[in-house]
1. Of the residues 105, 127, only one is surrounded by 13 or more Cβ atoms within 10 Å (Cβ to Cβ), in contact with a helix residue (DSSP H, G or I) (Cβ under 6 Å, 6 or more places away or on another chain) and more than 17 Å from residue 33 (Cβ to Cβ); which?
2. Can you tell which of 112, 142 is loosely packed, with under 13 Cβ neighbours inside 10 Å, out of contact with any helix residue (DSSP H, G or I) (no Cβ under 8 Å at 6 or more places or on another chain) and touching a residue at least 12 places away in the same chain (Cβ under 8 Å)?
3. Being in a helix (DSSP H, G or I), surrounded by 12 or more Cβ atoms within 10 Å (Cβ to Cβ), out of contact with any strand residue (DSSP E or B) (no Cβ under 9 Å at 6 or more places or on another chain) and free of Cβ contacts under 8 Å to residues at least 12 places away in the same chain narrows it down to one residue among 61, 98; which is it?
4. Assigned to a helix (DSSP H, G or I), in contact (Cβ under 8 Å) with a residue 24 or more places away in the chain and under 16 Å from residue 11 (Cα atoms): does that describe residue 126?
5. How many residues are buried (at least 17 other Cβ atoms within 10 Å of the Cβ) and either modelled with pLDDT of 95 or more or within 11 Å of residue 97 (Cα to Cα) (or both) if we restrict to the stretch 10-29?
């Protein structure tokens, strides 16, 4: 299955209206909109194609009895359809900002199939942990 690949780390500022500017290299992937979802300590932005793929996989697991029947409801409630404006800005609702503990300074992180949006202070902690994860993957021969 082909999907968008997002890489890089970008420091941005959340404006007074809760908007962030998407990096120029990511904008074309969201011309038709995208979906925000809450995750552990961050907000994820997925392209429509990737979000629909995730929903299809989830629905199949629920249908096969491998997933909680309330999972579709939980994902739906924790997601938001967004459309970047002409300047490439996406608005994060006050709820998303609060639940992800986003501050004025945020970091957008390419996470291969998603873009993760962290408070800058949270990202610093995650980044330290990620260095260990990558080193361990190489030691186990899982590296690239």
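The values are calculated or read from the model by the stated rules, or taken from the named source; none is laboratory data. These numbers were taken from a predicted model, which means no experiment stands behind them. Note that we place each Cβ from the backbone using ideal geometry, even for glycine, and neighbour counts take in every protein chain shown.
1. Just a single option satisfies the conditions, and that option is 105.
2. Answer to the selection: 112.
3. From the options 61, 98, the qualifying one is 61.
4. It is true that residue 126 is assigned to a helix (DSSP H, G or I), in contact (Cβ under 8 Å) with a residue 24 or more places away in the chain and under 16 Å from residue 11 (Cα atoms).
5. 7
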